[in-house]
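Take a look at the structure below.
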2 protein chains.
Amino acid sequence: METSINEYFSRRRTVRRYSAKPVDAALVRNLLALAAHAPNTGNMQLYSAVVTSSPEMKRLLAPAHFNQPQVEGAAHVVTFCADYRRYSLWCEESGTDPGCDNFQSFMAAVIDTCLFAQQFNTLAEMDGLGCCYLGTTTYNAEEIGQLLSLPELVVPVTTITVGWPDGEAPESDRLSPDAIIMDEKYQDFSGEDIKAIYSYKESLAENHRFVEENGKKNLAQVYAEVRYPRTSAKIFSEKYLAYVRKQGFAI
Amino acid sequence: METSINEYFSRRRTVRRYSAKPVDAALVRNLLALAAHAPNTGNMQLYSAVVTSSPEMKRLLAPAHFNQPQVEGAAHVVTFCADYRRYSLWCEESGTDPGCDNFQSFMAAVIDTCLFAQQFNTLAEMDGLGCCYLGTTTYNAEEIGQLLSLPELVVPVTTITVGWPDGEAPESDRLSPDAIIMDEKYQDFSGEDIKAIYSYKESLAENHRFVEENGKKNLAQVYAEVRYPRTSAKIFSEKYLAYVRKQGFAI
């Protein structure tokens, strides 16, 4: 088992293209139920998963994810939400103050939600399903929340699209482990370190193509000026923060 | 493989007590390297792991985790940090503006960090190691950051203690999957639903004991008044937010 598991973990890849073969909703539900055994804060399980399966709902959800084709292309789209609703209703039913309208509680729920989502991702991939996380979830959380009827104290954090893979997805490069694992103290980087760390990524043909297509001088410029520019980050930061506050977390 | 994997995922448990048997630092490093194949935002890998292995550093780190015994009891303590330092140095070296001093970037890094941490947790547990997440990481992030020499744009998000298990750790109950998985839209809860959802948890002998020991009327009161009271949440929220801002994320 050992080898095949390590093999799986080192070769896993994100799958954005799915075959038309249906994915049994019961399978997704079983995998989510298994994933809920992931660690969580004080066993409060501060998350919910909303499963979008109907073509109509996927169609409505797609614009919130900037119409990335994997939303309508997937058999199911699972929106993972930080959720203090259930816990706070329990507290209120029990005559006590949940006291969760704050940044710490939000962070606890975000962490719980991510561990749950990642456990689901691993389980689904191990079953042969293809998955893709959608970072757009925090960009358009309010639109998603409205579509999914999310009540107070529930905030979308991330989304995973699920389906049977259509063909072989490309493997992604990773930075050298030395760049991310530190012993005892953070070892800060010199300019030379940074050059060495990113040189392999910069050398990839695919990334050369990105630089060229975007008319930039180097890969970092594609990231910082095209993919994740300051102006968009600022707009989406304000938008997400406003929604998190509206949902009841005073940050 | 299928059955044993599902079995593992449904029976996994948090391990707080460790044997004196050493855990090879190379094993932890290999598992972290494997875990770095977890999905992440735009393949930026916005995280770092700082591994505390020396008894002296564990002793210094313990107070930040309120001296929970698993810190000094573990072979290794891994602090998982949201990290835009590496990426922003790369951008600066490449003559571009990283534009990451905002809430969206912080959230992207937090999500990346949690997926990486959970992949490590799964890999370590599958290898027979015992793990325990420390939620105290966000309570005393500044103290942790100082001890680990974290530079700007690096913020501790969570911590996992690792060691060989000492004896059998107790399994934790989980809410019914029906309480956390929703089809198409969020199905809000009635008072009756809430009573049904939490009744099994409330019926457990261990939880009866908690209620009695704390002189409370019910389990929710133990959670909301003893374990996670509003007053502490408020203090730690302000503390974490101040540190996140100090590290360079304008929230």
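Table for the structure above
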quantity: Helix axis angle, B:2-11 relative to chain B longest principal axis, alpha carbon, degrees; calculated: 80
quantity: Mean accessible surface per residue for segment B:86-218, computed with a 1.4 Å probe while every protein chain stays in place, in Å²; calculated: 37
quantity: Positive dipole terminus of the protein assembly as shown, leading residue within B:Leu89, B:Gln45, B:Ala196 (C-beta point charges); calculated: B:Leu89
quantity: For A:Gly191, label point 7 Å along C-beta direction: distances to other copies, nm; calculated: 6.8
quantity: Helical mean residue ellipticity (222 nm; -39500 (n - 2.57) per DSSP H run of 4+; nearest 500) of chain A; calculated: -13500 deg cm²/dmol
quantity: Nearest-first distances (nm) between copies at A:Ser10, label 7 Å from Cα via Cβ; calculated: 3.1
quantity: Neighbourhood charge, 14 Å Cβ-Cβ cut-off, centred on A:Ala36 and excluding it, Lys, Arg +1 and Asp, Glu -1; calculated: +2
quantity: Threshold 40 Å² - residues in segment B:75-107 whose accessible area is reduced by that much or more when the chain is no longer isolated, probe 1.4 Å; calculated: B:Arg86, B:Tyr87, B:Leu89, B:Trp90, B:Glu93, B:Ser94, B:Thr96, B:Asp97, B:Phe103, B:Gln104, B:Met107
quantity: Other-copy label distances relative to A:Ala25, 7 angstrom Cα-Cβ extension, nm; calculated: 5.3
quantity: Cross-link table A:Lys195/B:Lys246; B:Lys185/B:Lys216; B:Lys201/B:Lys234; A:Lys234/B:Lys234; A:Lys246/B:Lys234, entries beyond 29 Å C-alpha to C-alpha; calculated: B:Lys185/B:Lys216
quantity: Eligible aspartates and glutamates near B:Lys239 by straight Cα distance, threshold 15 Å, same-chain separation 8 or greater; calculated: B:Glu142, B:Glu143
quantity: Chain B: Cys lacking any partner C-beta under 4.7 angstrom; calculated: B:Cys81, B:Cys91, B:Cys100, B:Cys131, B:Cys132
quantity: ³J(HN,Hα) computed for each position of segment B:182-187 - Karplus, 6.51 cos²θ - 1.76 cosθ + 1.60, integer Hz, glycine/proline x; calculated: 10, 8, 6, 9, 5, 9
quantity: Degrees between helix A:191-203 axis and first principal axis of chain A (Cα, 0 to 90, nearest 10); calculated: 90
quantity: Portion, in percent, of the accessible area of chain B that falls on carbon or sulfur, probe 1.4 Å; calculated: 52
quantity: Degrees separating the helix A:25-35 axis from the principal Cα axis of chain A, which is the longest one; calculated: 90
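The values are calculated or read from the model by the stated rules, or taken from the named source; none is laboratory data. Here the structure is a predicted model, which means the values were calculated and not measured. Cβ atoms come from the backbone with ideal geometry, glycine included; neighbour counts cover every protein chain shown. Ligands, DNA and RNA are stripped out before the accessible areas are found, and what is left, the full protein with its side chains, is counted by its heavy atoms. Shrake-Rupley method; radii C 1.70, N 1.55, O 1.52, S 1.80 Å.
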